[in-house]
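Each value in this text was obtained by applying a stated rule to the coordinates, not by laboratory testing. For clarity, every value in this text was computed on a predicted model and none was experimentally measured. Glycine also receives a Cβ, built like all others from the backbone with ideal geometry; neighbour counts cover every protein chain displayed.
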Amino acid sequence: MTANEGSTVGGVPPEVIAFLSGKGGRSLIVKGGAGSGKTTFGLELLERVGQPNRSYYLSTRVGDEALYRQFPWLKATEMRTRVLDAAKLFLDAIQATGKNREPELPETEQRKVRAGREVLGSFGQERGPPTRVDRAHLQALLKRSPMPEVENVYNRIEKALPEKSLLVIDSLEGVTHKYGLEMEEFVMALQKDLVEGSNTDVVMILEKPEAGGIEYLVDGLISIQREELDERRVRHLRLEKLRATNIGRARYAVTLNGGRFEALGISANSAGGAAAGNWKPIADPERYYSTGIPDFDHLLGGGFRRGSFNAFEVDVNVGIDDCYMLFTPTFLNFLTQGRGIIAVLAAGESPEKLRETLVRHVPTNQFDTRVRIPDYTANETEDPYILPMARFGRDEAMRAMVTAEKAVAGPDRKPFMEYTAFDTFESLMGDQVAIRMYFQGVSRTKHVGNLGIGLLKPGLLVSSEILNMMDTYFRIINIDSAPCIYGIRPRTTIYAISPDPEKGPPHATLTPIV
């Protein structure tokens, strides 16, 4: 089974795609509580991994029309052929009973046929690809109760042989409860007949968060959970077992945005460095500065308000690269519109890295002349954009900052960005001095119409004083290796930050976690 190359929407963890792309059939159980996203995951597998005419979704919980209402993207003709309504299949099979069905052989004859197949299978030669579906275990179950929709699926898979098929059953309990079967014996029949005997990938969805001891029967086990984080919805996918498959990441944050299942943080890890190329600025709406990220602009009602100071509390497990994914578009949008930046960097940031990041997309001279980075640990530098603040006394430092402000404002005295990491101020000057400097900066920002961005880390003494004065307050966190952001003021849901899938980095998108 190979991934569906034609689809770019949604996202399945690469480990799952590799697992279902392996040689031979594979069986997978997906478990989770009600509303966790199991059905959406099964449907996403159908499109992302399955192939037309060789992938089937057997629904026992809701009819196909209900699925189409909940997931409008399934209405495409190609997807409609894959969704099998168990109730309709049952009626079709009942109506067809006796018309085209071949009489079954007596039990003694069936035993002879099975024995003959076993003898042939025991020969030393390697078996070729199957051309018929093995029904030995299904036949044993059918003696107790007819299962027309299951037989229908077996027939469809047999028609597709020797090509490999994908079957998604939603749900396992729906079939076993309907026919009074033990879950273990039904899973064993699917494993032996379809997975091992007919090279079919079978995904079985459970309606509950625990598998009840049947995990040992299958090749893979995935759990999906839904929980609350700061009164906001979060979903997790956990890869508990994928036989013969390397699990690079065991957990993924996921979203069901737009009725699609998407594992987050995949593109962020695979995008690599941003390709060089000039940044095309996004025009600023009236009274606002664009963030450089259309999704973020929309979230803010147009962008950062002119003369505003905006707080971003950065969790300890968020890396510099994750922060830059959010802020680089704003930096570039300022520079490419002839505005400058004064940046007091956080511990772990370096002036050289910031410069290297931005000069990929703006001329080097533009950065060197319109960006100033006060470095409070440097005594000297040869770089024009760095202010070696450790060499200055109090009065000299003030004069150096005035000169820096003039440089970033340029000859037209344009507003500029003040990017301030308050952990640097607090560690070097103490919380009271840092708070006074902040109040001075807020007054200047609002008077001149600058843009203020303040970075805070958990545990800073200055945080409570500063946050009371901020116009907006966001938190940047890491959920299962996916950088995310959500607003406290204004209140928002959680959004995953990722490179734009079409434009690539440094362009970014925000995807709501729903």
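Exposure proxy ranking for D368, D170, D134, based on other Cβ atoms within 10 angstrom of each Cβ and starting from the fewest, stands as D368, D134, D170. Take the residue pairs K143/K192; K280/K457; K38/K178; K164/K208; K192/K241; K178/K208 and return only those whose Cα atoms are more than 24 Å apart. Distance filter (> 24 Å) returns K280/K457; K164/K208.
For the ranges 210-219, 415-424, what's the packing order if you count other beta-carbon atoms within 10 Å of each residue, average per peptide, and put the highest first?
Order by mean packing, descending: 415-424, 210-219.
Beta bridges assigned by DSSP with both partners in segment 358-514 are antiparallel in approximately 65 percent of cases. Amide H contacts of L264: A253, V254, T255, each under 5 Å away and 5 or more positions distant or on a separate chain (H built 1.01 Å from N in the peptide plane; Pro and chain starts excluded). In sequence order, segment 282-296 has phi-based couplings of 8, 4, 7, x, 4, 6, 9, 10, 5, 6, x, 10, x, 4, 5 Hz under the Karplus curve 6.51 cos²θ - 1.76 cosθ + 1.60, θ = phi - 60°, and Gly or Pro positions carry x.
Taking amide H atoms as placed 1.01 Å from N in the peptide plane, the amide H of S308 lies under 5 Å from those of G452, each 5 or more residues away in sequence or on another chain. If you sort the three axes of the alpha carbon gyration tensor as a ≥ b ≥ c, you get a/c of 1.5 or more for segment 423-485 and a/b no higher than b/c, which makes it oblate. The listed peptides 403-414, 496-507, ordered by packing as a protection proxy, come out as 496-507, 403-414 (highest mean of other Cβ atoms within 10 Å first). Rounded to the nearest Hz, the phi-derived 3J(HN,Hα) couplings of segment 199-213 under the Karplus curve 6.51 cos²θ - 1.76 cosθ + 1.60 (θ = phi - 60°) are 6, 10, 7, 10, 10, 10, 9, 9, 8, 9, x, 10, 8, x, x, where x marks glycine and proline. Distance from the Cα centroid of segment 438-490 to that of segment 178-220 is 51 Å (rounded to whole angstrom). Phi-derived couplings, Karplus 6.51 cos²θ - 1.76 cosθ + 1.60 at θ = phi - 60°, listed residue by residue for segment 364-370: 4, 4, 5, 5, 5, 8, 10 Hz, with x used for Gly and Pro.
Would you please classify the overall shape of segment 274-512 from the alpha carbon gyration tensor, given that a ≥ b ≥ c denote the square roots of the eigenvalues, rounded means a/c under 1.5, and beyond that prolate means a/b larger than b/c while oblate covers the rest?
rounded
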